[in-house]
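First the structure, in the form of structure tokens, and then the observations on it.
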Ligand SMILES: Nc1nc2c(c(=O)[nH]1)N[C@H]1C(S)=C(S)[C@@H](COP(=O)(O)O)O[C@H]1N2
Ligand SMILES: [Mo]
């Protein structure tokens, strides 16, 4: 019911009918929410004053406290506690380059050559990603990445799409790094812990 949220019933994607896997003939799209809420293969829509009582609405896409396994959740009705539902997504970031199968030539000339690391980041609820940082030394120091927000916000200022990030490092830096991590920030100052 909130016009700023751009919720839609989609029957096409990129100019083609949805494939069966992705919800043909019609599915819900709820930008900024977890995929689990975007019900596929719609047959009817029920407008109701209370939450859906669908099995999947309750038994999937919840984050329960760590001591609660599925058995305990059922025994003690943890599934039905509304505070554990996942709706809006949290801040997330991913390294796509370098990738697992990438091979870099290593010699005296190449180690000081620049190398562009890349990836994407997104948050939930239409919150803009405002910062992405990479560490090559286990979180001691962080490099601030360049951000590419190809998407324009909607007229309520919401960003639904991921943004791309990139940062130039030296091949040598990659070579000596024991662990490489990325973290993002959004406009509400949510960020990711360096574990
Ligand atoms: N009817 C129906 N819709 C569903 C599901 C389902 O099991 N049944 N799974 C949901 C979950 S958990 C996800 S992550 C998305 C995945 O669909 P996508 O890969 O097309 O985004 O569909 C959602 N819609
Ligand atoms: Mo999912």
Response to the item:
Just one listed residue, out of 154, 87, is within 16 Å of ligand 2 (Cβ to nearest atom), modelled with pLDDT of 95 or more and surrounded by fewer than 17 Cβ atoms within 10 Å (Cβ to Cβ), and it is 87
Worksheet item: Does residue 126 satisfy being within 19 Å of residue 33 (Cα to Cα) and outside any strand (DSSP E or B)?
Response: yes
Worksheet item: Any residue at all in segment 59-70 that is surrounded by 13 or more Cβ atoms within 10 Å (Cβ to Cβ), more than 30 Å from residue 147 (Cβ to Cβ) and more than 13 Å from ligand 1 (Cβ to nearest atom)?
Response: yes
Worksheet item: From the residues in segment 36-50 that are touching a residue at least 24 places away in the same chain (Cβ under 8 Å) and under 18 Å from residue 87 (Cβ atoms), which one is nearest to ligand 2 (Cβ to nearest atom)?
Response: 36
Discussion item. Here is a list: 32, 15. Which entry is under 22 Å from the mean Cα position of the chain (by Cα) and modelled with pLDDT of 95 or more?
Written reply: 32
Worksheet item: Out of all the residues in segment 146-168, is one or more over 29 Å from residue 37 (Cα atoms), over 18 Å from the mean Cα position of the chain (by Cα) and assigned to a loop (DSSP other than H, G, I, E, B)?
Response: no
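The values are calculated or read from the model by the stated rules, or taken from the named source; none is laboratory data. All figures in this text were calculated on a predicted structure; none of them were measured in a lab. Positions of Cβ are backbone-derived with ideal geometry, glycine not excepted, and every protein chain shown enters the neighbour counts.
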